[in-house]
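What follows draws every value from the coordinates through simple rules; no lab data is involved. These figures come from a predicted structure and were not determined experimentally. Cβ placement follows ideal geometry from the backbone for every residue including glycine, while neighbour counts extend to all protein chains displayed.
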Amino acid sequence: MERVKKFDKNVGYDMKTTKNLLLKAVALTAATSASMTSGQTVLEEIIVTAQKREQSLQDAPLAVTAFGAKDVAQRGIYNVQDIGLFVPNVQVAPNPGGATSATFAIRGSTTINPAITWEATVGMYLDGVFIGKNLGGIFDVADLERVEVLRGPQGTLYGKNTIAGAINLITRKPGEEFDAYVEVGAGNFGSQMLRARVDTGASGTVGEGLGSVRASLAYSSRERDGFYDNVSLDPTFGNNPFVGATSSTELASLDTDAFRLDVIADVTDTFSVRYNYNESNADNLPNMGQVTNVDPGVYGFFGLGDFAGLHALYLTDGNGRADEISNDYAIEEVSETKGHSLTMTWDLGDATLTSITARRDLDWKDQLDIDGTNMDLFHSARYASYEQFSQELQLSGSSDSMNYVAGLYYFTEEGDIYNPISFFGLFGSPTDNNEYGLDNRSFAIYGQADWVMPSLPELTMTAGLRYTSEDKDQYIIHPNASTGGVGAFDVSADDSWSNVTGTLIASYAFSDESTGYAKISQGWKAGGFNGEAPTAEAFFDSFDPEEVLAFEVGYKARLADDRVEINAAAFWNDISDMQFSVFLEGSGGAASTVDNAGAATIKGIEVELAAQLTDAIKLSANLGTLDAEYDEFIELGVDVKDSKDFPYAPETTASVALDWSMASGPWGRIDTHIDWNYKDDYVVYANQDQNVSGQIASYDVVNARVTWSEISLGDSTQLQVSAWGKNIFDEEYRENTIPFGLWTISYWGAPATYGVDAKISF
């Protein structure tokens, strides 16, 4: 692996890599056209709900990537983390030390720390239900059928916390006929997998009793030993008096399960009810925190002298993943999520009225060692309890020349966190027993309509507006003096914000196969308070709402008799009062706050290609480019934009996938899938000094799967066997870092994993 390249903000936008990849994409497209045969196999049409109604992916005038059921299976997608490699200009970085929370970034917009007191930048939805926080946002979904990633502001139809985009997770609905399957798997690192589903089929008659009722039960479970050995290490061979016992024998283990109950009752011809219960639980050991930098000068400044030398003995190569580490407080990461939703639908003839009532509960905790040693330097814990309730009323309809959707939305959330932090406990420093929480409410009214001009039916105009109001009530309790000399405090505050966002789209059908569109949209994210602040002053130093005005032009086409699909978009986002999180190393141990950067401009290009080269071979590819810069970054009244980095904004992302139906016959069918995924260099923090030892170097990951399916076992029973591998070349790449000033901790992506799955369908 190459050494990390030096990041220099004074260098202009480097187009070299982008141009090379674009040239390859052009060559690939030319080769695709030249290799087309007269076969009859066409690309599958994917139906999405990106505009709150079902429509073809190619008819939706916005940038959206969708994975159907087959794509979900071939790529091994269990949760939102698994999609981060496959979508242009999208980053999903697990929280340092964890696997159930993540930083989500789309088109360079992000909220770095997935804290419970801050708003997300990317909205996430499960079967139409908004998930309020990214904390605990990585959870397995039983029987996930489709994933939609909407890029760009979705402020009109989706509203809250979709300033960068939205992610829709859609599960499989109960079927009309009895159906069932059981799937088991095993792999390296002691991995085990179990998935099962049963459909009851429809019973009863519409109009009698409860009418026609159908239900499904789905379950999934994954277990895996840790990737890294946590050893009892004393590099001084008994001369270090500060060495403590390790917390466990391994790190980065996995133990998760998910359950889903889905019931649909067609009570009458015009009224139906759907109840959905979903549950996901994870009981993991934290990821490995590895020392990649120690600053002896800073230690000397604090009068710790040769102690830096002891710490430095744990130092590993910053560009290499260690197989062994020694942590004394890496104990657990537990996430328990439960969700209920009730969807009632009335068919009113020319319109449909839908009510979605939902509640979600999250219990989450972690205990992390964040110094990379088995000395009591820095460790923290978080115990979170969170619940949310939402109610949405939606009216949608259509006529010969118009489609429309309008709605009312109410959302409330409550959460509390207990957050003890110990910094230099081996020197007798007290633990900071912080508590903080929230009680927030949100209300919105929205509407959007598509109008086809009678005199020019090729042109469709779309317009929409959304009014949103947010009320926030937050508190923080800091009961004792911290290691940083901060006194005790107990404070609370409340405030409210409101805004109107709009969308305007002009879509033109050049033919039945191709469409172009131009879009102007707005996004908005409410202000708030710094619920994790190390001081009362920082808590009351609230941050303002963030706003974005986005311009986008796009082109969508299905060519060569539906065997080639091209989707392209170019965008320009003007952001004002951009919210960003600041990591305050050494302030009361460690803390983060949110501030407003001022103004920023993000522009880029996204190209997605799918081609059925032959009846047996399908090629998919995408390319994303980003050019992100601050127009203004005010600190203490001074514009410091030239000294700031733009986090989570790699200049180039790319992905190529090949699906090959190798052979078929009475004995079954053999399919092969392989994908290559690339991410350019990027940084994690805005402050340049924090990125010196923590830049994420460019990396590429290759995954593969071979499936033997349609093996008849008699009657309607079939067997399917798959062999798969992820990161098959064992690429070593960083996912996240924490720069403490005294030292830097790095967290690494998963090593090569592989296994075999077997599925029986009845």
Directionally averaged projected area (convex hull, Cα atoms, the stretch 47-197), nm²: 10.0
Using alpha carbons only: equivalent-ellipsoid semi-axes of the stretch 16-761, gyration tensor based, whole Å: 42, 31, 27
Under 12 Å, Cβ to Cβ, from Asn434 - net charge with Lys/Arg +1 and Asp/Glu -1: -4
Distance from the stretch 425-477 to the stretch 199-265 (C-alpha centre basis), Å: 29
Local net charge near Leu362, Cβ-Cβ under 14 Å (Lys/Arg +1, Asp/Glu -1): -4
Within the chain, helix-based [θ] at 222 nm, where runs of 4 or more DSSP H residues each add -39,500 (n - 2.57), nearest 500: -1500 deg cm²/dmol
The stretch 601-627 and the stretch 73-90: distance between their alpha carbon centers, rounded to Å: 15
Ranking of Tyr219, Tyr228 by count of other Cβ atoms within 10 Å, fewest first: Tyr219, Tyr228
Mean separation of Cα contacts under 8 Å, 6 or more apart, over the residue count of the chain: relative contact order %: 12
Measure of compaction for the stretch 67-123 (Cα Rg per 2.2 N^0.38 Å): 1.20
Positive dipole terminus of the stretch 681-762, leading residue within Ala686, Gln718, Ile745 (C-beta point charges): Gln718
Using alpha-carbon coordinates, inclination of helix 16-34 to the longest axis of the chain, degrees: 20
Dipole magnitude (debye, nearest 20) for the chain, charges at Cβ of Lys, Arg, Asp, Glu: 1420
Inter-part distance where the stretch 534-574 and the stretch 662-738 are each reduced to a Cα centre, Å: 26
Leading residue at positive end of dipole, the chain (Cβ point charges), from Phe86, Ala265, Ala533: Phe86
Links that overshoot a 31 Å alpha carbon limit, given the list Lys70/Lys133; Lys173/Lys726; Lys472/Lys679; Lys133/Lys679: Lys472/Lys679
